[in-house]
Amino acid sequence: MPSTSCGTLLAQLLEAHGTKHVFGVPGVHNVELYRGLSHTQIRHVSPRHEQGAGFMADGYARATGQPGVAFVITGPGLTNIATAMGQAYADSVPMLVIAAVNKRHQLGLGQGYLHEMPNQRNLAAGLTAFAHTLQRPQELPEVLAAAFSVFSSSRPRPVVIEIPIDVLEDKLETGAAGRAPNPLPPPGPDPSAIAAAAGLLDGAKRVLLIAGGGAQGAGGKITALAEKLGAVVQLTINARGLLPSDHPQLADFGIGKDPGRQVMDQADVVIAIGTEIGETDYDFYSTKRFTVGTKFIRIDIDPRQIAVGPRPDLGIVSDAGLAAAAVGQAVNSGSPDTAWVQASVQRLSRIAATHREPEDPLYDRLLDTIRAATGDPILVGDSTKAVYRAGLTYRSPKPRSFFSASTGFGTLGYALPAAIGAKIAMPRRAVIALAGDGGVQFTLPELISAREAEAGIVLLVWNNNGYREIRDYMVSKEIEPLGVDPVAPDFVKFAEAVGVPGKRVETLDELASALRGHGPSAKLPLLLEAGPWIKG
């Protein structure tokens, strides 16, 4: 009877589940994962570090809504990708990590085997929806189906499947892959909960609807619900683009500021959909913690999330789109206070655009230039001041088109590899990574990966000459700045050294021209360096 290895079976199963790309670093412990890839249509992308593989998978998943897949080796491969898993876990991003691990009879012995860890799965468990050690190759179809079920029907978070080297090499009958099961659908709302929501909303004249990253796939349904209710709509950073950027009910990100809280206090009902109501979205700019003093409805696919944080009058466990559609069908069209909506939107948009820092007007013009020059870009941000400003004022043209590492886990070095993943997923769209000169150095070698993968992103390095935000924070705390002035390379020369065109731009017009000249179909990435010196 013909046989195949477990590693080859994995490639066949991934393809059956719809996987089109894998981001990974091969090593002596996981080469069996690669045996079957060449016999599939799956494209392998090679980062320069496993953390880059994880961020690429993250950006791919955010741009598509489909899980990003990464291959890593035993031990350091898993620890290196752990930071990216932490970011994906915090932001509910579907990511499948396939990790090799030492042979079954070697696990936990502490005898100094190559890449040995005391318990690799335990390390992964705290950053995942679940982590599993495969004991027999025959179990692989079931375990992989469980992972894809998590991605399709519950709160999407990373899953790690570790496969011992001897199991990877084990043989089983050819054809064991079979057909991948249809993905489980997401849960819908309980009818009684929808009826209760309609009861709270009927007659309400002032409704505030807040949508978070968990509602990314429900833009049309949330827009329809907001229009039926005549609601003011607030979007968290990870939800930007859910409503058209010129929608008359869309208020810029003001819920994290005191004026936004005042609008909330004036509402008859507040609905929060797909948001954990986290600190980085709600409490960074306000003088008090987020509390709701009126009728409060929370909709989330994760029941635990509804139970923590501000306690709602009504909790609905459901997929965001299914619940929004059901509430929209159940509620009566009321008589919204249109004057209140208009005044609130205008006021919050004005407040959001208020310049807190001297650099804010420049950041606003920078962001306007990026969008005007590229049309409907995917903008991927690192932790840098221009991106923090974008979190308050940037209006994304579409869903899944603005994401950054400036919320939740908040890691540095995210933007460049995540943009590569997004570009590979969406090759016909302009993809811009906006990173500071300090943060980009965490993952700068991934620019070589972009060139190799023909991922024609634009890496826009905002050069503040060090960790500017941390320096300012230390000064505000009367701490002598220390460790905030890392030496940076000449970014343009670095780009040229790895075969990537680079340019320092002196004006916003020059930036716009460079962006327009680098069309979405470009195969080579482009590095542009800008900073506080830029004019326009």
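Please specify each residue of region 289-305 satisfying the condition of being under 22 Å from Gly260 (Cβ atoms) and either outside any loop (DSSP other than H, G, I, E, B) or within 21 Å of the chain's Cα centre (by Cα) (or both).
Selection gives Lys295, Phe296, Ile297, Arg298, Ile299, Asp300, Gln305.
Among (1) free of Cβ contacts under 8 Å to residues at least 12 places away in the same chain; (2) surrounded by 15 or more Cβ atoms within 10 Å (Cβ to Cβ), which single condition is Gln87 missing?
(1)
In region 255-303, which residue that is hydroxyl-bearing (Ser, Thr, Tyr) and more than 28 Å from Ala195 (Cβ to Cβ) is surrounded by the fewest Cβ atoms within 10 Å (Cβ to Cβ)?
Applying the filter and picking the extreme gives Thr287.
Could you say whether any residue in region 448-467 is farther than 20 Å from Asn238 by Cβ, at pLDDT 95 or above, among the aromatic types (Phe, Trp, Tyr) and not in a helix (DSSP H, G or I)?
Yes; the residues of region 448-467 include at least one that is farther than 20 Å from Asn238 by Cβ, at pLDDT 95 or above, among the aromatic types (Phe, Trp, Tyr) and not in a helix (DSSP H, G or I).
May I ask you to say which residue of Ala99, Ala57, Ala70 is touching a residue at least 60 places away in the same chain (Cβ under 8 Å), within 16 Å of the chain's Cα centre (by Cα) and either buried (at least 20 other Cβ atoms within 10 Å of the Cβ) or not in a strand (DSSP E or B) (or both)?
The unique qualifying residue is Ala57.
Among the residues of region 479-519, how many are surrounded by 17 or more Cβ atoms within 10 Å (Cβ to Cβ), part of a loop (DSSP other than H, G, I, E, B) and either touching a Lys or Arg at 6+ places or on another chain (Cβ under 8 Å) or among the hydrophobic types (A, V, I, L, M, F, W, C) (or both)?
Of the residues in region 479-519, 5 are surrounded by 17 or more Cβ atoms within 10 Å (Cβ to Cβ), part of a loop (DSSP other than H, G, I, E, B) and either touching a Lys or Arg at 6+ places or on another chain (Cβ under 8 Å) or among the hydrophobic types (A, V, I, L, M, F, W, C) (or both).
Which one of these does Thr40 not meet: (1) within 17 Å of Val160 (Cβ to Cβ); (2) without any contact (Cβ under 8 Å) to a residue 60 or more places away in the chain; (3) not aromatic (Phe, Trp, Tyr)?
(1) is the only condition that Thr40 fails.
Name the single residue, out of those in region 349-359 being touching a helix residue (DSSP H, G or I) at 6+ places or on another chain (Cβ under 6 Å) and surrounded by 15 or more Cβ atoms within 10 Å (Cβ to Cβ), that is farthest from Arg240 (Cα to Cα).
Checking each candidate, the answer is Ile351.
Take the residues in region 332-357 that are at pLDDT 85 or above and not in a helix (DSSP H, G or I); name whichever of them is farthest from Tyr388 (Cα to Cα).
Going through the qualifying residues, I end up with Asn332.
Can you tell me which residues in region 124-145 are assigned to a helix (DSSP H, G or I) and either surrounded by fewer than 19 Cβ atoms within 10 Å (Cβ to Cβ) or not assigned by TED's automatic domain parsing to the domain that holds Ile73 (or both)?
Ala125, Gln138, Glu139, Glu142, Val143, Ala145
Rundown of residues vs (1) crowded, with 24+ Cβ neighbours inside 10 Å; (2) touching a residue at least 40 places away in the same chain (Cβ under 8 Å); (3) among the polar types (S, T, N, Q), yes/no style:
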{"residue": "Thr384", "(1), (2), (3)": "yes, yes, yes"}
{"residue": "Tyr388", "(1), (2), (3)": "no, yes, no"}
{"residue": "Arg395", "(1), (2), (3)": "no, yes, no"}
{"residue": "Pro399", "(1), (2), (3)": "no, yes, no"}
{"residue": "Gly408", "(1), (2), (3)": "no, yes, no"}
{"residue": "Leu412", "(1), (2), (3)": "no, no, no"}
{"residue": "Ala422", "(1), (2), (3)": "yes, yes, no"}
{"residue": "Ala433", "(1), (2), (3)": "yes, yes, no"}
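For region 234-250, how many residues meet the condition of being crowded, with 24+ Cβ neighbours inside 10 Å and under 15 Å from Arg350 (Cα atoms)?
1
Scan region 410-421 and tell me whether some residue there is among the aliphatic types (A, V, I, L, M), closer than 26 Å to Pro486 by Cβ and modelled with pLDDT under 95.
Taking every residue of region 410-421 in turn, at least one turns out to be among the aliphatic types (A, V, I, L, M), closer than 26 Å to Pro486 by Cβ and modelled with pLDDT under 95.
Can you tell me which residue among Ala323, Ala218 is surrounded by 23 or more Cβ atoms within 10 Å (Cβ to Cβ), touching a Leu at 6+ places or on another chain (Cβ under 8 Å) and in contact (Cβ under 8 Å) with a residue 40 or more places away in the chain?
The conditions single out Ala218.
Count, please, the residues in region 128-144 that happen to be more than 24 Å from Ala84 (Cβ to Cβ) and either touching a Cys at 6+ places or on another chain (Cβ under 8 Å) or of a type outside the set (S, T, N, Q) (or both).
5
The values are calculated or read from the model by the stated rules, or taken from the named source; none is laboratory data. If you're wondering where the values come from, they're calculated on a predicted model, not measured in any experiment. Using ideal geometry, Cβ is built from the backbone for each residue, glycine included, and neighbour counts are taken over all protein chains shown.
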